[in-house]
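Student: This is the structure I want to talk about, given as structure tokens.
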Amino acid sequence: MIAAPLFVAVVSLFAQDSVHVRGITRDTTLAVVSTPAGGALRADVVLPLIGGSVSSTKPGRWKIDAPGVSFTLVDGVPFATTDAGPVPLAAAPILRNGALLLPLQILADLVPRIGNRIVWDADTRELRAFRNVANNTAAAPSRAPDVRPPGARATPAAASPALSRRRLIVVDAGHGGVDPGMHGPIGQRTSLYEKDITLDVAKKLQRELMSRGVNVLMTRSSDTLIALGDRGKIANAAKGDLFISIHVNAANLGWKDPGGARGFETYFLAEAKTEDERRVAKMENEVVRFETSGDPSQESGLGFILKDMAQNEQLRESSDLAETIQGRLRKIHPGPSRGVKQAGFMVLVTAFMPSVLVEIGFGTNPAEAAYISGDAGQRAIASAVADGAMEYLSRYERRVTGTSSTQEPRK
């Protein structure tokens, strides 16, 4: 809960060539500096406007302070160093004419993601800074209104369960960049790419979770490729409590009626038991062909990870999380529930926390493609997944202590 928040500044990215800043005492418009990697802003100009600062610690290295967050940047290096470890950047900071240029992603993604007093609203493209925030709690946008799709059953609105502390949930938008994922629908000119749908739903899920009082880390917030093995590592470095990966399913063209396949399903990491589970895992693991670094065979180590997870009851926790999210989706999704399943997804292997992969529907089915690509359907899915995550976390705390506790899910 925010205690007496004082609105400090709003940064609105109205156009690619300018940024409007509404500060405490004045309004101003800053020119976006063009770089080979995209737009950037001068750190010494924009940071003071949102209550931050930049200082040089040594040649080519800077300390960035913004409300609730500090990190280090190095000229030409696409990583920010935080207390929790390195965080990848879409573009590296650049020193030009003696001034440090911050890629816009740092203000729109990194600072809100790891700070506790900055909120980025992707819909309105606004960066909000707050002061006097109690209990290390980040300001969150108001929850979106109920937008149930046609035919979905209404459910009573419920308050988010009270947790012992502010949790961190890592949201992973599947595919991205040169890897488009599945495309569909079948029998129509391609109008849907998985990477776009997963990013849209992931951003809506981020807002839903924040409105329920949890912090959110996005493995990607733009159309970029993140290696499967790196997604879980990002979550581990941030000490996430849960890992949720969003994907879109695709029918096997060899099926009797592939265009008619519909439904949603939630997976946790374990050896696949059925041919269909192996099919989905193979489809989602194919991204490795786009990755140019690392050895996927060495990255996976599924057998070793499964033994380690079993010892730490991670399989049970992930299965419980999957069942809870699937149950919430069942209440709002117009497609049939295909159940909770298990398979060897590489994206889940390196995430040492309760982790699931949600197939939100079949992009190969025309009707379901329209649902998962529409705003109302995406918001309903995001709300249901967020409710499931909160229900799981609340039940976990009760299960391990009998009441609320500060103990984290087993890592």
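The values are calculated or read from the model by the stated rules, or taken from the named source; none is laboratory data. None of these values were measured; they are calculated from a predicted model. Reconstructed Cβ throughout: ideal geometry from the backbone, glycine too, with neighbour counts over all protein chains shown. Surface accessibility is based on the protein's heavy atoms, side chains included, excluding ligands, DNA and RNA. Shrake-Rupley method; radii C 1.70, N 1.55, O 1.52, S 1.80 Å.
Student: Taking only protein heavy atoms and a 1.4 Å probe, what accessible area per residue, in Å², does the range 312-392 have with all protein chains in place? Spell out each step's value before the answer.
Tutor: Working: 2000 Å² over 81 residues.
About 25 Å² of surface per residue is accessible.
Student: Continuing with the same structure: Step through the residues of the range 102-107 one at a time and calculate ³J(HN,Hα) from phi using the Karplus curve (6.51 cos²θ - 1.76 cosθ + 1.60, θ = phi - 60°), rounding each to whole Hz and writing x for Gly and Pro.
Tutor: Whole-Hz 3J(HN,Hα) from phi for the range 102-107: 9, x, 4, 4, 5, 7.
Student: Filter the trypsin sites (Lys or Arg not before Pro) in the range 213-259 to those in DSSP coil with at most 12 other Cβ atoms within 10 Å of their Cβ, and list the result.
Tutor: Details: sites: Arg220, Arg231, Lys233, Lys239, Lys256; in loops: Arg220, Lys239, Lys256.
The qualifying sites are Lys256.
Student: Quick query: amide H of Leu100 versus all other amide H atoms, modeled in the peptide plane; which residues come in under 5 Å with a sequence gap of 5 or more or a different chain?
Tutor: Hits under the 5 Å cutoff: Ala43, Asp44.
Student: In whole percent, and with a 1.4 Å probe on the protein chains, what portion of the accessible area of the range 165-263 is carbon and sulfur? Can you show the working numbers first?
Tutor: On the way: 1690 of 3400 Å².
Using a 1.4 Å probe with all protein chains present, the range 165-263 comes out at 50 percent carbon and sulfur.
Student: How much solvent-accessible surface does Tyr193 expose, in Å² to the nearest 10, with a 1.4 Å probe and all protein chains in place?
Tutor: Rounded to the nearest 10, that gives 90 Å².
Student: Give the long-range amide H neighbours of Leu30: residues separated by 5 or more places, or on another chain, with amide H under 5 Å away, using H modelled in the peptide plane at 1.01 Å from N.
Tutor: Excluding prolines and chain starts, which carry no amide H, the hits are Val19, His20, Val21.
Student: Further question on the same structure: Over the Cα atoms of the range 318-358, how large are the radius of gyration and the largest Cα-Cα distance (Dmax), in Å?
Tutor: In order Rg, Dmax, the Cα atoms of the range 318-358 give 11.2, 33 Å.
Student: Work out how much length Ala99 to Ala31 would gain on full extension: take 0.36 nm times their residue separation and subtract the Cα-Cα distance, in nm to one decimal. Mind showing how you got there, number by number?
Tutor: On the way: separation 68, 0.36 × 68 = 24.48 nm, distance 1.42 nm.
Contour length minus the Cα-Cα distance gives 23.1 nm.
Student: Rounded to whole Hz and in sequence order, give me ³J(HN,Hα) for the range 315-324 from the Karplus expression 6.51 cos²θ - 1.76 cosθ + 1.60, θ = phi - 60°, writing x for Gly and Pro.
Tutor: With coefficients 6.51, -1.76 and 1.60, one gets 4, 5, 5, 5, 5, 5, 4, 4, 4, 5 Hz.
Student: Between Arg220 and residues 5 or more places away or on another chain, which pairs have amide H atoms under 5 Å apart, with H built 1.01 Å from N, and which residues are they?
Tutor: Here the answer is Ala173, since their amide H atoms fall under 5 Å of that of Arg220.
Student: Still on this model: Using a simple spin-label model with points 7 Å from Cα along the Cα→Cβ vector, what separation in nm is obtained for Ser55 and Ser211?
Tutor: 4.0
Student: Can you pull the Kirkwood radius for the range 179-261, inverse mean 1/r over Cα pairs, to one decimal in Å? Intermediate results must be reported in sequence, preceding the final value.
Tutor: Numbers: mean 1/r = 0.0678 Å⁻¹.
This gives a value of 14.8 Å.
Student: Could you bin all the Cα-Cα distances of the range 35-76 into 10 Å bins starting at 0 and give me the percent of pairs in each, rounded to whole numbers?
Tutor: 27, 53, 20
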